[in-house]
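First the structure, in the form of structure tokens, and then the observations on it.
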Amino acid sequence: MWQDPIIQETRHLRDQYAATFNHDIDALFEDIKKRQAQSKRKKVSFPPRPAVIIKKSA
């Protein structure tokens, strides 16, 4: 079976990053929040979309 080398590399890097936190999802999330707070990038948020109600016809 053919495997994409980019996908393999991405998964390998993700696993290395998770291993630095002993695969603790809470620690990973805290690190991501800390990195986001330190980032100089502009943050963008969009307003929530209005709910769409689909009416069934009889």
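The values are calculated or read from the model by the stated rules, or taken from the named source; none is laboratory data. Keep in mind it's a predicted model, so treat the numbers as computed, not measured. No Cβ is skipped: glycine too gets one built from the backbone with ideal geometry, and neighbour counts run over all protein chains shown.
Of the conditions (1) within 16 Å of the chain's Cα centre (by Cα); (2) among the β-branched types (Val, Ile, Thr); (3) part of a loop (DSSP other than H, G, I, E, B), Ile32 satisfies every one except a single condition; which number is it?
Answer for Ile32: the failing condition is (3).
Can you tell me which residue in region 20-29 is surrounded by the fewest Cβ atoms within 10 Å (Cβ to Cβ), limited to those that are outside any helix (DSSP H, G or I) and out of contact with any helix residue (DSSP H, G or I) (no Cβ under 6 Å at 6 or more places or on another chain)? Please lay out each step first, then the result.
Taking region 20-29 and keeping what is outside any helix (DSSP H, G or I), we get 20-24.
Okay, now just the ones that are also out of contact with any helix residue (DSSP H, G or I) (no Cβ under 6 Å at 6 or more places or on another chain), so 20, 22-24.
Working: Thr20: 11, Asn22: 8, His23: 11, Asp24: 12.
Across region 20-29, the extreme among qualifying residues is Asn22.
Determine whether Gln16 is modelled with pLDDT under 95 and polar (S, T, N, Q).
No; evaluated as a whole, the condition is false for this residue.
Scan region 35-47 for residues that are within 30 Å of Arg14 (Cα to Cα) and in a loop (DSSP other than H, G, I, E, B) and report the count.
8
Just give me the residues in region 3-33 being within 27 Å of Lys43 (Cα to Cα) and among the charged types (D, E, K, R), in sequence order.
Result: Arg11, Arg14, Asp15, Asp24, Asp26, Glu30, Asp31, Lys33.
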